[in-house]
Structure formats: structure tokens, C-alpha cells
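Let me begin by presenting the structure, written as C-alpha cells, before commenting on it.
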Amino acid sequence: MSCDATLFDRFEERFFFCLLFKHKMPMDVDRKFMLEALKQADKAAQCGEVPVGSVVVFEGEIIASGFNRRESWQDPTAHAELIAVRRAAEELGSWRLCDCTVYVTLEPCPMCAGMLVNSRVDRLVFGARDPKAGAVRSLFALTEDPRLNHAVDVREGVLSEECGDKLTTFFRSIRRARKAQQSSSDDNDVEAD
């Protein structure tokens with residue numbers, strides 16, 4: 001009997017938490033967690049990775065985080081949100097992340113959008129759109145496709161300018177470095193003649 005009561009109590013707590021936070025998450029709360037995802041993106045940039053960061057929130061607390069590691073791990077699946085979701089599943093001891101919100105600085109690609117559906121994430125909040133690979137709004141709407149067995153509630157554009165600027169700055173610095181290297185290489189070729 002006490003086991004049933006405990007299960008009911010836990011259900012009731014989760015139910016009220018979801019009523020309060022799931023669909024009516026205040027913008028300032030979303031901003032707070034997106035700022036944490038931006039900190040993860042900074043870690044990626046410090047490692048020479050594309051600056052994308054992610055955090056997973058469960059019952060109002062960050063339970064996992066991740067940032068892009070494709071170059072350093074030489075792993076094509078090492079996207080920020082995928083790493084964060086794997087860590088969240090490990091933390092919760094379940095692949096079903098039904099009561100979780102994933103925050104990510106860049107719109108997820110097809111692989112990551114599919115992973116969010118398959119992990120049963122309740123909610124996704126992302127910053128900047130990805131016009132070349134975005135599978136949530138830009139190119140596809142995988143997380144809300146009615147043909148799939150789960151849909152993810154999506155909020156886009158939280159701190160989008162900050163998220164986009166971080167990416168723009170990163171790629172601009174790479175282009176400058178390549179241009180400087182090319183210029184240096186051209187100068188060496190001239191001296192050799």
C-alpha cells in the first residue's frame with residue numbers, strides 16, 4: 001500500500017511540475033538555461049570546435065551538458081545536444097527523457113532532431129536557426145511530424161542573436177586564418193621565384 005501511495009505522490013508531484021513549467025516556461029527561465037548552453041558553446045570554441053552548446057533540464061535543474069566534439073573526438077555523431085542527451089539518459093537511468101527540456105544554441109540537424117524524437121524529450125529550446133542543416137524549422141520539421149510516434153514541443157529564437165553571433169565570429173576567424181595562411185604561402189612562392 002505504501003508503495004502505491006509513493007508512486008501516486010511522485011506522479012502527483014510530476015503532474016503539477018509539468019502543469020507549472022512544461023508549456024508555460026517563463027522566457028527568463030529559458031534565457032537562464034540558454035545562457036548555460038552558451039557557456040558550453042564557449043568551451044567548444046576554446047577546443048577549436050564549432051561553438052554549439054547544450055544543456056538538459058529535468059525538474060528545473062540542469063542534469064547534463066555537452067558541447068560539440070566532432071573534431072577532437074573525430075566522431076561525426078559528437079554533436080552538443082547528442083552528447084548532452086546521452087549524459088542525461090545515463091543520469092536518469094532511462095533512455096526515455098519524457099520530462100526533460102533540451103536547450104541548444106543551434107537548431108538541431110536531422111540526426112539530432114531524430115534523436116530528440118526517439119528519446120521522447122518533451123521540449124526543445126534552440127537559439128539560432130541553421131539554414132543549411134536545420135531539421136526542426138529551417139529545412140524540415142522532424143520534431144513535430146505527425147507521422148512519427150512522438151512530437152517535441154519547440155521554442156525557437158531564445159538568445160538567437162547571441163547564439164548566431166558566436167557562430168559568425170568563429171567562422172569569420174577561421175576564414176581570416178585561412179586567408180592569412182594563403183597570403184603567407186603566396187609570399188613564400190614569390191620569394192622562391
Identify, by number, the condition in (1) open to solvent by 40 Å² or more (accessible area, probe 1.4 Å); (2) out of contact with any Ser or Thr (no Cβ under 8 Å at 6 or more places or on another chain); (3) part of a helix (DSSP H, G or I); (4) within 19 Å of Leu38 (Cβ to Cβ) that Lys166 doesn't meet. (2)
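Matching residues to (1) within 17 Å of the chain's Cα centre (by Cα); (2) modelled with pLDDT under 95:
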| residue | (1), (2) |
| --- | --- |
| Asn118 | yes, no |
| Asp122 | yes, no |
| Asp130 | yes, no |
| Leu148 | no, no |
| Gly157 | yes, no |
| Glu162 | yes, no |
| Asp193 | no, yes |
Single unsatisfied condition, Cys98 versus (1) free of Cβ contacts under 8 Å to residues at least 24 places away in the same chain; (2) part of a loop (DSSP other than H, G, I, E, B); (3) open to solvent by 20 Å² or more (accessible area, probe 1.4 Å); (4) not hydroxyl-bearing (Ser, Thr, Tyr): (1)
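Just the residues that are assigned to a loop (DSSP other than H, G, I, E, B) and either closer than 23 Å to Glu59 by Cα or open to solvent by less than 10 Å² (accessible area, probe 1.4 Å) (or both), please, taken from region 108-140.
Pro108, Ser119, Arg120, Val121, Asp122, Gly134, Ala135, Val136, listed by residue number.
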How many residues, within region 56-84, are part of a helix (DSSP H, G or I) and either charged (D, E, K, R) or out of contact with any Gly (no Cβ under 8 Å at 6 or more places or on another chain) (or both)? 4
So, in region 26-50, of the ones that are out of contact with any Phe, Trp or Tyr (no Cβ under 9 Å at 6 or more places or on another chain) and not in a helix (DSSP H, G or I), which residue ends up surrounded by the fewest Cβ atoms within 10 Å (Cβ to Cβ)? Pro26
Return the residues of region 142-163 that are touching a residue at least 60 places away in the same chain (Cβ under 8 Å), surrounded by fewer than 18 Cβ atoms within 10 Å (Cβ to Cβ) and of a type outside the set (Lys, Arg); say none if nothing qualifies. Asp153, Glu162
Working carefully through the options Gly114, Gly134, Gly93, find the one that is at positive phi and at pLDDT 95 or above. Gly93
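The values are calculated or read from the model by the stated rules, or taken from the named source; none is laboratory data. Remember, predicted model here, so these are calculated numbers, not experimental data. Cβ atoms come from the backbone with ideal geometry, glycine included; neighbour counts cover every protein chain shown. All accessible areas refer to the heavy atoms of the entire protein, side chains included, with ligands and DNA or RNA removed. Shrake-Rupley method; radii C 1.70, N 1.55, O 1.52, S 1.80 Å.
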